[in-house]
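Q: Structure provided below as structure tokens; questions to follow.
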Amino acid sequence: MEKVILVDIGHTRYHIWENGYIYHRETPPQLEGEIYYISVNPQGEEKFLQLNPSAINLEDKVNFFTLYDGLGIDRKMACKTIIDGVVIDAGTAITIDVMEKGIHNGGIIMAGLGQLQKLFQKISPKLEFPLEEIDFSHLPLNTREAVMWGTIGAVVKMIGEIRGSKPLYFTGGDGKFLQKIVG
């Protein structure tokens, strides 16, 4: 039996599960084995299939009911195993989806933290700061804190509004970072 490989083709990276390990690539890998994938990136998918023509797209095989029109396969897969909770995928975009009793109740899409950072950098090089944890107990008293409030604060506030008392489930490249801040 061939080894099974799972691939999630995102907006900026390829996320690969192989032999119990997860690794990431910025360019499409050529893989050997029984390959299954999901994709939210048509151009990335095309490049991936040039190297892995026998890979099987799982999108049409996933059964996930929602009234949300246009819910991406990445969000479906992230929500599929959650009965009650809020799923936060913090990648290029940040999606926040609510699951109640195994039913998808809707969700939102926001710009990702990296995209917000780039936006501030375009406004002015003086607004370029690395993402770091911030103290939300007082108003910002310097530009670095003000930028952090404008990026991280907006996301944290939205999560708080949607969350209620539901448990949170984080995924995506900035998931661990947000989890530390939100708790």
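Q: Just wondering, is there one or more residues in the stretch 96-103 that are in the same structural domain as PRO167 (by TED's automatic domain parsing), among the β-branched types (Val, Ile, Thr) and surrounded by 17 or more Cβ atoms within 10 Å (Cβ to Cβ)?
A: Yes, the stretch 96-103 contains a residue that is in the same structural domain as PRO167 (by TED's automatic domain parsing), among the β-branched types (Val, Ile, Thr) and surrounded by 17 or more Cβ atoms within 10 Å (Cβ to Cβ).
Q: Still on this structure, I have one more. Of (1) modelled with pLDDT of 95 or more; (2) at negative phi; (3) in contact with a strand residue (DSSP E or B) (Cβ under 8 Å, 6 or more places away or on another chain), ALA93 satisfies all except one. Which?
A: (1)
Q: Out of all the residues in the stretch 8-27, which are small (Gly, Ala, Ser) and crowded, with 17+ Cβ neighbours inside 10 Å?
A: Passing the criteria: only GLY10.
Here's the yes/no breakdown for (1) in the same structural domain as ILE9 (by TED's automatic domain parsing); (2) among the acidic types (Asp, Glu); (3) outside any helix (DSSP H, G or I); (4) more than 30 Å from GLU59 (Cα to Cα):
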| site | (1), (2), (3), (4) |
| --- | --- |
| ARG75 | no, no, no, no |
| ASP89 | no, yes, yes, no |
| ASN105 | no, no, yes, no |
| MET110 | no, no, yes, no |
| ILE134 | no, no, yes, yes |
| LEU141 | no, no, yes, yes |
| TRP149 | no, no, no, yes |
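Q: Return the residues of the stretch 91-102 that are in a loop (DSSP other than H, G, I, E, B) and more than 11 Å from THR171 (Cα to Cα); say none if nothing qualifies.
A: Selection gives THR92, LYS101, GLY102.
Q: On to the next question. Return the residues of the stretch 30-42 that are in contact (Cβ under 8 Å) with a residue 12 or more places away in the chain, of a type outside the set (Val, Ile, Thr) and under 24 Å from ARG75 (Cβ atoms); say none if nothing qualifies.
A: Those that are in contact (Cβ under 8 Å) with a residue 12 or more places away in the chain, of a type outside the set (Val, Ile, Thr) and under 24 Å from ARG75 (Cβ atoms): TYR36, TYR37, SER39, ASN41.
Q: Considering only the stretch 34-85, state which residues are more than 27 Å from GLY102 (Cα to Cα) and modelled with pLDDT under 95.
A: Of everything in the stretch 34-85, nothing turns out to be more than 27 Å from GLY102 (Cα to Cα) and modelled with pLDDT under 95.
The values are calculated or read from the model by the stated rules, or taken from the named source; none is laboratory data. Worth saying up front: this structure is predicted, and the values here are computed from it rather than measured. Here Cβ is always computed from backbone atoms with ideal geometry, including for glycine, and neighbour counts include all displayed protein chains.
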